[in-house]
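First the structure, in the form of structure tokens, and then the observations on it.
The values are calculated or read from the model by the stated rules, or taken from the named source; none is laboratory data. Here the structure is a predicted model, which is why all the values come from computation and not from measurement. In this analysis, Cβ positions are derived from the backbone assuming ideal geometry, glycine residues included, and neighbour counts consider all displayed protein chains. Please note that ligands, DNA and RNA were not included when accessible areas were found on the heavy atoms of the full protein model with its side chains. Shrake-Rupley method; radii C 1.70, N 1.55, O 1.52, S 1.80 Å.
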Amino acid sequence: MEASVEQIEQKEPVQTTKMEFYAVSQKKFLIMFLGTFGIYSVYWFYKHWSLYKKSENEDVWPIMRCIFQIFFTHSLFSLFEMKYQNKTGESPKSISNVATIYVITAILGNIGSNLAGSGYGVPFTHYSLFMALPISCWCLYQAQSLANYASNDVNANSNNKLTLINYIWLVLGLMIWLLNVIGLYLMPIVA
């Protein structure tokens, strides 16, 4: 009888913290991130930090953390890992290397964009935006998958439909895409 009591004690669920994060389906995430040319990342970081602040009563500034996201990417990703571990009792596959890739990609993409805007290395520096986009998307996609799992909404059924606001942002994103594609097309003519 003692063995069964030990087995029951070992199988008790680990107490989870009230830590909350933004759940969004992978499909909606991809549509919004790529459709807005990556601008969705600002909202993505804001929502995660905002929900974390409310759930943990922490003194963090979500607006500053989304604007200066490269300085807070590692801490946010480690919170996803911590929530997962608190929920399951198991350590997830570390995503700190994914956070590092995201930060480096964001910095290099920004440098390339600034150089292209100043006319240096055109058109190759302008291409850095297009190269950074899928890498950044992959990094945040990996983190979102862990956040969804840790938030008890693996498929993000609570946030898997596009809303009117999403469509408005996608229309604005389409304009950004068009301007960038036209800029790439006209660049050899102007240079």
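Tyr43 sits with roughly 100 Å² accessible to a 1.4 Å probe, with DNA, RNA and ligands left out of the calculation.
Apply the a/c threshold of 1.5 to the C-alpha gyration tensor of the range 112-191 and tell me whether it is rounded, prolate or oblate. Note, shape of the range 112-191 comes out oblate.
Quick one: net charge of Tyr43's neighbours, Cβ under 14 Å, K/R +1, D/E -1? Don't skip to the end; give the middle numbers.
Numbers: positive: Lys28, Lys47, Arg65; negative: none.
Combined, the nearby Lys, Arg, Asp and Glu give +3.
Where a ≥ b ≥ c are the square roots of the eigenvalues of the C-alpha gyration tensor, would you call the range 35-107 rounded, which needs a/c under 1.5, or, failing that, prolate if a/b is larger than b/c, or oblate? Oblate is the answer for the range 35-107, as a/c is 1.5 or above yet b/c matches or exceeds a/b. Taking 19 Å as the limit for the C-alpha separation, the pairs Lys27/Lys53; Lys18/Lys47; Lys27/Lys93; Lys18/Lys54; Lys18/Lys83; Lys54/Lys83 exceed it in the case of Lys27/Lys53; Lys27/Lys93.
Could you put Tyr40, Tyr167, Tyr84 in order of accessible surface area, largest first, with the 1.4 Å probe and the full protein assembly present?
Descending order: Tyr167, Tyr84, Tyr40.
Averaged per residue, what accessible area in Å² does the chain show with a 1.4 Å probe, protein chains only?
Ligands and nucleic acids excluded, the figure is 61 Å² per residue.
For the range 18-86, the Cβ-based charge dipole about the Cα centre amounts to some 240 debye (Lys, Arg positive; Asp, Glu negative; other atoms uncharged). Sorted largest first by accessible area at a 1.4 angstrom probe radius, with every protein chain in place, the residues Thr163, Thr88, Thr125 fall in the order Thr163, Thr88, Thr125.
Rounded to a whole number, what % of the accessible area of the chain do carbon and sulfur atoms account for, probe 1.4 Å?
Values: 7380 of 11560 Å².
Looking at the chain in its full context, I get 64 percent from C and S.
At the residue level, Ser96 shows approximately 60 square angstrom of accessible surface with a 1.4 angstrom probe and all protein chains present. To the nearest 10 degrees, how steeply does helix 73-88 sit against the main Cα axis of the chain, on a 0 to 90 scale? Tilt relative to the chain: about 30 degrees.
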